[in-house]
Amino acid sequence: MAWLNSLSLQQFSFEDILYVVGPSIIVIVLILNIISLLKDRRINKLRRSLEELQKTYEALDNQAKLIIKTDLELHKTQSELDKKISSLYTLQKISHTLSTTLDENEIFQKISEEHITELGFDKALVFLVGPTQTTYSPGTTAIKLRIGYNEKDIEAAFSQEYIKDIFEQAVKKGATLSSIDTKINPKHLNAILKSSKIQSFICAPITTKGAIVGILFVASESSYSPITTGDKEIVSILATQIGQSLENAQLFEETWRSHQELENKVTQRTRELSAALEEVKAVTKRKSEFVSAVSHELRTPLTSIKGYASLLSTGKLGELPQPVKERLEKINKHTDSLSQLINNMLDISRIESGRVEMKIEDIDLRKLLETVFDLLAPQFKEKQINFSQEVAKDISTLPADINQLQRIFINLLSNSLKFTPPDGKIAVRAKKTDGAVQIDVEDTGVGIAEKNLDKIFGEFYREDNEINQSVKGTGLGLSLVKYIVEAHKGKIWLTSKLNKGTTFSFTLPISKA
Amino acid sequence: MNPTTYIGTGFSAHKNPFEAAKEASSRAKRQIRAKTPNLAIVFSTTHFSQHSLLEGVYFVFGDNTNVIGCSGYGVIDNSGVHKYGVVVMAIYSTKIKSGFGCIKEINADNTRWAGEKFARASLKNLGSTTREIALSFCDGLLEKNSELLSGVKDVLGRSFPIIGCSSADSLLFSKTYQYFNKEVLNKSIVGTILSGEGSFGYGLKHGWQPLGRPRRVTYSEGNIIKRIEENPAIEIYKDYFKKNTEEIKDLLNQISILYPLGIYLSEEEEYLLRNVIKIDNDGGLICQGDVPQGSQIRIMMGTKESALEAAKLAAQEAKYKFNDTAILGAIIFESVSRIKLFGYRINEEVETVKNILGETVPFIGVCTFGEQAPLKSLEYRGESHFHNETIAVLTIGERHGLA
């Protein structure tokens, strides 16, 4: 420390100091220079890096601009495609809805605000046009659809000449027009958009059977939903769809009307026929009553005649000469025929008027046929006609009125006997069919001409042939058979061939009900 | 354990507004075992007569139900997005309490005050229970949406979760509606603070990606970006789109939706988006929400795929809280921009949310002009912000172990 104190600056000259410090200063300056150089290099490096970074940023930014440009175009295409897809989806919905109605007014009620919104529009209007009216006319135009408009709005928006002109052009040219069409005068377009308070619109003609019948006008109020050519196509399709639905409705209306007319005619005819039928029924009833009354009145004196004739024939009132006996015999025979005729007529009228009740019971068919054959055996024998009966094994009994069934067989067999030449054959066959027993009476007789087949069951009908000319008959036997079969709820028909034979077939239900 | 909260939803596209609301409300009521709901949330498109709509809601629920809601560009339910119709959510709960607020006649001068007043009114009606979340619906045509939200935050606190939306119309930007009980309002904020033993989850995402170099906002006034890097703000769009001012003005609707501005937020996964709604005379960009001076912004671009992924993430965030308990219902706030971006594929987004939340969770939603939801990062401490172009999902349930 003492050494330090003894040291004084005054003891050193400037040169001494310089000699001692100089090299240090030089070293320091050198170091500083080196540092400065290094720093400069670093700064330069940093500057270069910054420049590079800025360049990268600029490049990035330029790339971003490029990306945005491409993306904007891509987005435009994509959004148009998106809009088209969702519009088509909505169109399909509308189409489905419209297909559920064939009522003209309902078609427009089915198009809702929801549909129009989904199509990307805020307002819609449909009005009808015709040969004399080609545009909107306040007070006279028939508005069919109104969405987003009240009545006052419509008049204010569509009374303007420019928009009326657009409607007229659409009708005359049959073309879809819109606010993006370059052909529309820009001044007129602005006036339309301003007065209607809309940003864009599309106007499409509605066509049915080739004629323009209306206008579909849709509009957007928002500048955020600009219309495109795709929208024009969609609206045009919608207008076509409406036209198609209207056409279908008109077609249906026409068909329905002609159907209605036809139905009215059928009703009218049915009514007339019913009246005629009632009249026929009344006449038939009157006829039955008349026949019944007359028959009763005839039967009493006829019984007396037959009684007196029989009495005279017995000779109790004195022996009668042979010619008188012969005449009496004839009286007797004719009285029997007349009596038979009256009985048949009475039976027919009774059955016809429902006054005869069928007493249904189970009948042994085989036994019944034997009884009938016994009754007619003399005639069979006389004409040497072979009789056979064939009743199916599964038929044991048959529900029917035994007396009436017997009459059926007597009449049919008598008829066959009458028209079958000697040595012929008559067969009765019975078999089961659907819920019934079918009985066929077949003969090898003269047969019936085909043209007369449907007359054969008519009352008093007798076919014009030799046998009928020689053998007398009432013409009521087969009618009576038909009435009896039908009273049993059965059916009767015949098949016949001239000179070969005839088969009468009838069915009787198996069930008693 | 049976829940004591029931949530039902209903949708109708009936032509008649009264019938539409009646139909949607009846469907919702059937799902809550025909109980009278404490709260009904109604979203509708603007096609209907709004008064008749509320009459239809009250016809079904009666006078003891509080109704809040708003109009939108579209409405959402489990079946998808509908551009025409009404959706109703009926909430019956003995556990969730609500305090309602409604402030009318909001203008540019009283916006922040209106937000504060709305929050105070809601708190006053709520009483002294623990508040959980605020649900608010304001007019989407208000100029200062961010300021309105700031007013609410001034009272409820920066970190209190506020979720909701700005009402919309059918892109006419002419009139949107807010519903408060039987009143149909404009220029208003309506909503509720929910409290009690409910459990609420939320998630918000957009999926838009930054593009190009970042730029600094050198001068801004609230929601108006005046200058970017000392140039008039419009230059950013002119530069990117190679168009002049008039052309940009014509294309603004489209540009703003597809390429919004994104504000960089440190620690946040996504940028905070801003739609530009107008351009002022000085070339300033008027946005729907505030853009702070000095913030870093970039042009943003969305793709369907990234937006779909964002919807998935938002739903997952909203579901996160409900690992052990059931989500009883959900509300979706969907920006109209997303509807435009997705086009006909919009229902894919709803399907994505449905798949995450669960097929059986009933939900309703509305297509909005703006969304309000909290940010998640620590730096922002869960502070709620006004957003554009996002999907926000709110899930509602009961706390685990309660009932």
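Within the range B:240-268, the set of residues being free of Cβ contacts under 8 Å to residues at least 12 places away in the same chain, part of a loop (DSSP other than H, G, I, E, B) and away from chain A (no Cβ under 14 Å) comprises just one member, B:244.
Just to be sure, is residue A:102 outside any loop (DSSP other than H, G, I, E, B), touching a helix residue (DSSP H, G or I) at 6+ places or on another chain (Cβ under 9 Å), over 19 Å from residue A:221 (Cα atoms) and among the aliphatic types (A, V, I, L, M)? Answer is no for this residue.
In the range A:59-80, which residue that is under 14 Å from residue B:299 (Cα atoms) and more than 7 Å from chain B (Cβ to nearest Cβ) is surrounded by the most Cβ atoms within 10 Å (Cβ to Cβ)?
Going residue by residue through the range A:59-80, those that are under 14 Å from residue B:299 (Cα atoms) are A:60-69, A:71-72.
From what's left, more than 7 Å from chain B (Cβ to nearest Cβ): A:62-63, A:66, A:69, A:72.
Numbers: A:62: 12, A:63: 12, A:66: 10, A:69: 13, A:72: 17.
Selected residue: A:72.
Entry remark, the range B:228-239: residues being outside any strand (DSSP E or B), touching a helix residue (DSSP H, G or I) at 6+ places or on another chain (Cβ under 9 Å) and surrounded by 15 or more Cβ atoms within 10 Å (Cβ to Cβ) number 4 in total.
Can you name every residue in the range A:89-133 that is aliphatic (A, V, I, L, M) and buried (at least 16 other Cβ atoms within 10 Å of the Cβ)?
Of all residues in the range A:89-133, those aliphatic (A, V, I, L, M) come to A:91, A:94, A:98, A:102, A:107, A:111, A:116, A:119, A:124-126, A:128-129.
Listed by number, the residues that qualify are A:91, A:94, A:98, A:102, A:107, A:111, A:116, A:119, A:124, A:125, A:126, A:129.
Return yes or no: is residue B:43 under 22 Å from the mean Cα position of the chain (by Cα), assigned by TED's automatic domain parsing to the domain that holds residue B:181 and surrounded by 24 or more Cβ atoms within 10 Å (Cβ to Cβ)? Criteria met by residue B:43.
Of the residues A:43, A:85, the single one that is assigned to a helix (DSSP H, G or I), of a type outside the set (D, E, K, R), loosely packed, with under 15 Cβ neighbours inside 10 Å and touching a Phe, Trp or Tyr at 6+ places or on another chain (Cβ under 6 Å) is A:85.
When B:397, B:302, B:343 are checked against the criterion of being on the phi > 0 side of the Ramachandran plot and at pLDDT below 95, B:343 stands alone in meeting it.
Residue pairs whose Cβ atoms lie under 6 Å apart, separated by 6 or more positions or on different chains, with the first residue in the range A:484-497 and closer than 20 Å to residue A:446 by Cβ and not assigned by TED's automatic domain parsing to the domain that holds residue A:456 and the second of a type in the set (A, V, I, L, M, F, W, C) and modelled with pLDDT under 95, do not occur.
Search the range B:298-326 for residues being β-branched (Val, Ile, Thr) and surrounded by fewer than 24 Cβ atoms within 10 Å (Cβ to Cβ), and hand back the single one that is nearest to the other protein chains (Cβ to nearest Cβ). Of everything passing the filter in the range B:298-326, B:303 is nearest to the other protein chains (Cβ to nearest Cβ). Scan the range A:149-175 for residues that are modelled with pLDDT of 85 or more, surrounded by fewer than 20 Cβ atoms within 10 Å (Cβ to Cβ) and either of a type in the set (Gly, Ala, Ser) or in contact with a Lys or Arg (Cβ under 6 Å, 6 or more places away or on another chain) (or both) and the total you get is 2. When the strands (runs of 3 or more DSSP E) confined to the range B:1-118 are screened for residues that are away from chain A (no Cβ under 14 Å) and touching a Pro at 6+ places or on another chain (Cβ under 7 Å), those reaching at least 2 such residues are found at B:5-12, B:86-93.
Here residue A:206 does not fit the description of being of a type in the set (A, V, I, L, M, F, W, C), in contact (Cβ under 8 Å) with a residue 12 or more places away in the chain, surrounded by fewer than 20 Cβ atoms within 10 Å (Cβ to Cβ) and in the same structural domain as residue A:144 (by TED's automatic domain parsing).
With respect to the conditions (1) over 21 Å from residue B:396 (Cα atoms); (2) under 16 Å from the mean Cα position of the chain (by Cα); (3) more than 14 Å from chain A (Cβ to nearest Cβ), residue B:133 lacks only one, and its number is (1). Only a single criterion out of (1) surrounded by 13 or more Cβ atoms within 10 Å (Cβ to Cβ); (2) within 26 Å of residue A:78 (Cα to Cα); (3) at pLDDT below 90 is not satisfied by residue A:229, namely (1). Of the listed requirements (1) more than 30 Å from residue A:101 (Cα to Cα); (2) without any contact (Cβ under 8 Å) to a residue 12 or more places away in the chain; (3) of a type in the set (D, E, K, R), residue A:257 misses just one: (1). Among the numbered conditions (1) within 14 Å of another protein chain (Cβ to nearest Cβ); (2) under 20 Å from residue B:372 (Cβ atoms); (3) of a type in the set (A, V, I, L, M), the only one that residue B:341 does not meet is (2).
For the range A:381-401, the set of residues classified as of a type in the set (A, V, I, L, M, F, W, C) and buried (at least 17 other Cβ atoms within 10 Å of the Cβ) consists of A:385, A:387, A:391, A:398, A:400, listed by residue number.
For the range B:57-78, taking the residues that are farther than 30 Å from residue B:352 by Cα and of a type in the set (S, T, N, Q), the one that is surrounded by the most Cβ atoms within 10 Å (Cβ to Cβ) is identified as B:65. At least 2 residues being within 14 Å of another protein chain (Cβ to nearest Cβ) is the threshold, and among the strands (runs of 3 or more DSSP E) wholly inside the range B:148-227 those reaching it are B:209-221.
The helices (runs of 4 or more DSSP H) falling completely within the range A:119-217 that include 3 or more residues that are over 28 Å from residue B:15 (Cα atoms) and touching a Phe, Trp or Tyr at 6+ places or on another chain (Cβ under 8 Å) map to A:161-173, A:186-196. All conditions but one from (1) buried (at least 23 other Cβ atoms within 10 Å of the Cβ); (2) under 25 Å from residue B:134 (Cβ atoms) apply to residue B:341; the one that does not is (2). The residue that is farthest from the other protein chains (Cβ to nearest Cβ), counting only those in the range A:208-246 that are in contact with an Asp or Glu (Cβ under 9 Å, 6 or more places away or on another chain), polar (S, T, N, Q) and under 25 Å from residue A:131 (Cβ atoms), is A:208.
Of the conditions (1) more than 14 Å from chain B (Cβ to nearest Cβ); (2) assigned to a loop (DSSP other than H, G, I, E, B), residue A:252 satisfies every one except a single condition; which number is it? Condition (2) is where residue A:252 drops out.
Being under 60 Å from the mean Cα position of the chain (by Cα) and surrounded by 12 or more Cβ atoms within 10 Å (Cβ to Cβ) narrows it down to one of A:324, A:294, so name that one.
Exactly one residue qualifies, and that residue is A:294.
Here residue A:315 meets each of (1) more than 22 Å from residue A:507 (Cα to Cα); (2) surrounded by 11 or more Cβ atoms within 10 Å (Cβ to Cβ); (3) not aliphatic (A, V, I, L, M) with one exception, condition (2). Checked against (1) within 14 Å of chain B (Cβ to nearest Cβ); (2) more than 17 Å from residue A:207 (Cα to Cα), residue A:108 passes all but condition (2).
The values are calculated or read from the model by the stated rules, or taken from the named source; none is laboratory data. For clarity, every value in this text was computed on a predicted model and none was experimentally measured. Positions of Cβ are backbone-derived with ideal geometry, glycine not excepted, and every protein chain shown enters the neighbour counts.
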